[in-house]
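The values are calculated or read from the model by the stated rules, or taken from the named source; none is laboratory data. Owing to the predicted nature of the structure, the values given are computational and were not obtained by experimental measurement. Cβ atoms come from the backbone with ideal geometry, glycine included; neighbour counts cover every protein chain shown.
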Amino acid sequence: MTCPSCGRRKGRRDCPALRGSICTICCGTKRLVEIQCPDTCPHLVAAREHPAAVVKKQQEQDVAVLLPTINHLTERQHQLFFLIHSVIASHKPDTLSRLLDEDVAQAAAAVAATLETAGKGVLYEHTPASLPAQRLAREITAMLAEVRARGTKIYDGEVAIALRAIERGARDTQKQAVGETAYISLIGRLLHVRNRPATEEAAKPASSLILP
């Protein structure tokens with residue numbers, strides 16, 4: 001049976017997500033990236049319990065790149081940093097565009113600037129230059145509002161610090177890596193966030209993740 005993912009190689013592994021036999025290459029490279037694997041998939045479970053050497057090396061490299069961006073954050077700011085990234089990782093751009101690292105940097109900077117301006121007593125919404133960044137900024141703002149509506153206290157100053165860390169991370173990764181989505185890919189690998197709606201993904205951990 002031909003692999004339903006690539007349509008070229010022979011399927012050798014049962015794939016519950018695609019409901020067919022997938023080739024080993026697609027299973028290894030598209031898992032949780034293009035294929036939304038259920039947590040019960042035995043191949044996913046095995047990969048998490050016994051990651052290949054190349055995966056371990058990649059994880060170590062990712063942490064080394066990200067560490068300078070987050071090592072100054074407090075515990076709550078760390079939590080906000082990754083909570084916001086759950087929105088970024090699950091964001092679905094318009095069909096005519098794609099989300100780039102520069103868009104992430106712009107969106108994070110704009111929302112941070114809006115919060116910082118509000119902290120000075122001035123209500124002014126800063127707007128990113130690109131349309132993808134504008135859409136992402138709105139999703140981040142909506143997620144923060146939803147978390148607050150659930151009764152969780154989050155402070156604008158802490159959120160702004162976490163957002164500025166995301167902005168720096170996206171820009172610094174652009175300087176170090178090849179490709180326009182290197183930072184997005186890095187965070188996606190670290191979080192293993194599946195492509196679900198942002199409010200569903202972000203809201204679930206809100207009460208336990210943010211509360212001190």
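Among (1) over 15 Å from Ala165 (Cα atoms); (2) not in a loop (DSSP other than H, G, I, E, B); (3) not charged (D, E, K, R), there is one condition Val122 misses while meeting the rest; what is its number?
With (1) over 15 Å from Ala165 (Cα atoms); (2) not in a loop (DSSP other than H, G, I, E, B); (3) not charged (D, E, K, R) applied to Val122, the lone miss is (2).
If we scan the range 111-125, do we find a residue that is modelled with pLDDT of 90 or more, crowded, with 21+ Cβ neighbours inside 10 Å and under 30 Å from Gln58 (Cβ atoms)?
yes
Which residues, counting only those in the range 154-180, are surrounded by fewer than 14 Cβ atoms within 10 Å (Cβ to Cβ) and in contact (Cβ under 8 Å) with a residue 12 or more places away in the chain?
Correct list: Gly157, Gln176.
Considering only the range 49-68, I want to know if a residue exists there that is within 26 Å of Ala182 (Cα to Cα) and in contact with a Phe, Trp or Tyr (Cβ under 7 Å, 6 or more places away or on another chain).
Within the range 49-68, not a single residue is within 26 Å of Ala182 (Cα to Cα) and in contact with a Phe, Trp or Tyr (Cβ under 7 Å, 6 or more places away or on another chain).
Would you tally the residues in the range 1-52 being more than 15 Å from Arg189 (Cα to Cα), aliphatic (A, V, I, L, M) and part of a loop (DSSP other than H, G, I, E, B)?
The qualifying residues number 3.
So, of the residues in the range 69-79 that are in a loop (DSSP other than H, G, I, E, B) and at pLDDT 90 or above, which turns out to be farthest from Gln176 (Cα to Cα)?
Going through the qualifying residues, I end up with Thr74.
Does at least one position in the range 171-184 carry a residue that is of a type in the set (A, V, I, L, M), under 13 Å from the mean Cα position of the chain (by Cα) and at pLDDT below 80? Full working, then the answer.
So in the range 171-184, the residues of a type in the set (A, V, I, L, M) come out as 177-178, 182, 184.
After this cut, where a residue has to be under 13 Å from the mean Cα position of the chain (by Cα) as well, the list is 182, 184.
Filter again for at pLDDT below 80, leaving none.
Scanning the range 171-184 turns up no residue that is of a type in the set (A, V, I, L, M), under 13 Å from the mean Cα position of the chain (by Cα) and at pLDDT below 80.
Say we look at the range 80-98 and pick out the residues that are of a type in the set (Gly, Ala, Ser) and part of a helix (DSSP H, G or I); which of these is farthest from the chain's Cα centre (by Cα)?
If we take residues in the range 80-98 being of a type in the set (Gly, Ala, Ser) and part of a helix (DSSP H, G or I), then Ser90 is farthest from the chain's Cα centre (by Cα).
What pairs can you find where one residue is in the range 60-74 and within 14 Å of Ile166 (Cβ to Cβ), the other is in a loop (DSSP other than H, G, I, E, B), and their Cβ atoms are less than 9 Å apart, with a gap of 6+ or different chains?
Partner pairs satisfying both residue conditions: Val65/Ala177.
Say whether the condition of being touching a residue at least 12 places away in the same chain (Cβ under 8 Å), in a loop (DSSP other than H, G, I, E, B), farther than 28 Å from Ile35 by Cα and in the same structural domain as Lys175 (by TED's automatic domain parsing) is met by at least one residue in the range 130-139.
For the range 130-139, residues touching a residue at least 12 places away in the same chain (Cβ under 8 Å), in a loop (DSSP other than H, G, I, E, B), farther than 28 Å from Ile35 by Cα and in the same structural domain as Lys175 (by TED's automatic domain parsing): present.
Quick one: is Cys41 at pLDDT 90 or above and under 24 Å from the mean Cα position of the chain (by Cα)?
Against the criterion (at pLDDT 90 or above and under 24 Å from the mean Cα position of the chain (by Cα)), Cys41 qualifies.
Have a look at Leu32, Leu66 and point out the one that is surrounded by 11 or more Cβ atoms within 10 Å (Cβ to Cβ), at pLDDT below 90 and on the phi > 0 side of the Ramachandran plot.
After applying the criteria, what remains is Leu32.
Could you check the range 114-129 and list, in sequence order, the residues that are hydrophobic (A, V, I, L, M, F, W, C), under 22 Å from Glu102 (Cβ atoms) and without any contact (Cβ under 8 Å) to a residue 40 or more places away in the chain?
Narrowing the range 114-129 to residues hydrophobic (A, V, I, L, M, F, W, C): 115, 118, 122-123, 129.
If we keep only those that are under 22 Å from Glu102 (Cβ atoms) too, we end up with 115, 129.
Answer for the range 114-129, where residues must be hydrophobic (A, V, I, L, M, F, W, C), under 22 Å from Glu102 (Cβ atoms) and without any contact (Cβ under 8 Å) to a residue 40 or more places away in the chain: just Ala129.
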